[in-house]
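Shown next, in structure tokens, is the structure this report addresses.
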Amino acid sequence: MVFKTIFRTSILKTLLVLVTLSVFSLSISAGTQSFTTLSGESVSYSELTSSPKTILFVWATWCPYCRTEIDELVKARPNLDGIKIYFVNTGEPKSKVKKFINSKKNYSGIDSQVILDEDSYIAQKFSVAGIPTYLFLKDSDLAKRSFFYNDDIVKQAFGSN
């Protein structure tokens, strides 16, 4: 009986330490985490999140809903002055993403906005439970989260544009 109590206590303490360390390391590494864009540029987590208004669109090529939503966001880009937009591909290799983006004629010019997050860091950081997910950041803080895009959601997140 005493052994079971000691054993359970040890396991609980170990789990608590591991969870604490993983959360602590995630918060420490956030500023130093960097990503590559589809065009080959390096972008830090701070650069992605530090604009006054940012949309992080988390997606994958295999997701049919993501393909629909990325079309909507690409069409809306010209009307979103003052808002940084990043298409954060989660968990896929560059070759697969590049092939998908290159197959779309109306996607020209977004290579520098396509972020390759092969380790799904951003999805983990913002507790993304499913894709597609829009993360609306205002002054580096999460202002709104949505599974689809429309003008009303942008206004709710950022106020009038």
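The values are calculated or read from the model by the stated rules, or taken from the named source; none is laboratory data. Predicted model, so just to flag it, every value in this text is computed and none were measured. All Cβ positions, even for glycine, are placed from backbone atoms using ideal geometry, and neighbour counts span all protein chains on display.
General remarks:
- Applying the criterion of at least 1 residues that are touching a residue at least 24 places away in the same chain (Cβ under 8 Å), in contact with a strand residue (DSSP E or B) (Cβ under 6 Å, 6 or more places away or on another chain) and over 22 Å from Phe158 (Cβ atoms) to the strands (runs of 3 or more DSSP E) found wholly in segment 39-99 leaves 84-90.
- Residues (outside any loop (DSSP other than H, G, I, E, B), closer than 19 Å to Glu72 by Cα and within 13 Å of the chain's Cα centre (by Cα)) located in segment 104-136: Gln113, Val114, Ile115, Thr133, Tyr134, Leu135, Phe136
- Residue within segment 2-21 that is within 17 Å of Gln124 (Cβ to Cβ), at pLDDT below 95 and hydroxyl-bearing (Ser, Thr, Tyr) present: yes
- Unique residue being hydroxyl-bearing (Ser, Thr, Tyr), under 18 Å from Phe136 (Cβ atoms) and surrounded by 15 or more Cβ atoms within 10 Å (Cβ to Cβ) when the list is Thr61, Thr54: Thr54
- When segment 121-161 is limited to residues that are hydroxyl-bearing (Ser, Thr, Tyr) and touching a helix residue (DSSP H, G or I) at 6+ places or on another chain (Cβ under 6 Å), the one that is surrounded by the most Cβ atoms within 10 Å (Cβ to Cβ) turns out to be Tyr149.
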